[in-house]
Amino acid sequence: MKNSNPNEIQQECKATRAHSTEYLDRTCTEANARQFARHLSTCAACTAHLDETAHLRRGVHALPQRAVPVNLAISLRIAASKQYAHRAARLRWRDRLYLWNTNIWRPMALPMCGGLATAFVLFAVLLPTLAPPVLANDDPPPSWYQSAEFSDMGPFGLRTDHVTLDLILDDQGRMVDYSIPDSETVLLQDLNLRRNIENNLLFMRFKPAEFFGQPTSGKLRITIRRSEVEVKG
């Protein structure tokens, strides 16, 4: 062996012996194999160690194979269960709480979160359908809704004893449309009378309906007579 630093020689011998099995199995790289062979050519101690290792491997390989016991798997499971119980008995309450949370609650966390999220979405979708309508019907609660009121008659005279109309008013109290009940057969047939009624409606004034104190659209049934106007909300 060439003269060199003893520490370097010792480190090289240590690395060579640590990888002796790789050299024997021929699993090391070609460069490492050349370096390994170069060291063995100059180091008798490592060569002897390699020969002992090879002889030991051949002896182990020559031993007869023993059959695996049939109950080996059961024995291993029993031993593992006893070891687990022994370790669990020594756990602190914090460790037990962590294991309980990990084994029980963590698998349930995702389904529970998904169910809650679905419930919130369905509730948000169905909530508008459960709310009371903004537009009042023909007979709303008086505490919520105040029906429209007749305010002033137009300047034109009516050429019939009485007529009943259903009016639709906007939030300013202006008439936007009207309809004639089926009972008003005369008005349905007399076109001139209808024009006279429409002229009167254009100049009539109404107080708009109120919903929670705010003006809103609404319906109003009026019966116009020569001397008066009868109003029904």
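Note on region 196-217: among residues that are more than 41 Å from the chain's Cα centre (by Cα) and touching a residue at least 60 places away in the same chain (Cβ under 8 Å), the one that is surrounded by the most Cβ atoms within 10 Å (Cβ to Cβ) is Ala209. Taken as a whole, the structure places Ala85 among residues that are aliphatic (A, V, I, L, M), without any contact (Cβ under 8 Å) to a residue 60 or more places away in the chain, in a helix (DSSP H, G or I) and within 30 Å of Asn103 (Cβ to Cβ). Can you confirm whether region 151-164 contains a residue that is surrounded by 10 or more Cβ atoms within 10 Å (Cβ to Cβ), modelled with pLDDT of 75 or more, touching a Pro at 6+ places or on another chain (Cβ under 9 Å) and within 30 Å of Arg194 (Cα to Cα)? Taking every residue of region 151-164 in turn, at least one turns out to be surrounded by 10 or more Cβ atoms within 10 Å (Cβ to Cβ), modelled with pLDDT of 75 or more, touching a Pro at 6+ places or on another chain (Cβ under 9 Å) and within 30 Å of Arg194 (Cα to Cα).
The values are calculated or read from the model by the stated rules, or taken from the named source; none is laboratory data. Given the structure is predicted, the values throughout are model-derived calculations rather than measurements. Backbone-built Cβ (ideal geometry, glycine too); neighbour counts: all protein chains shown.
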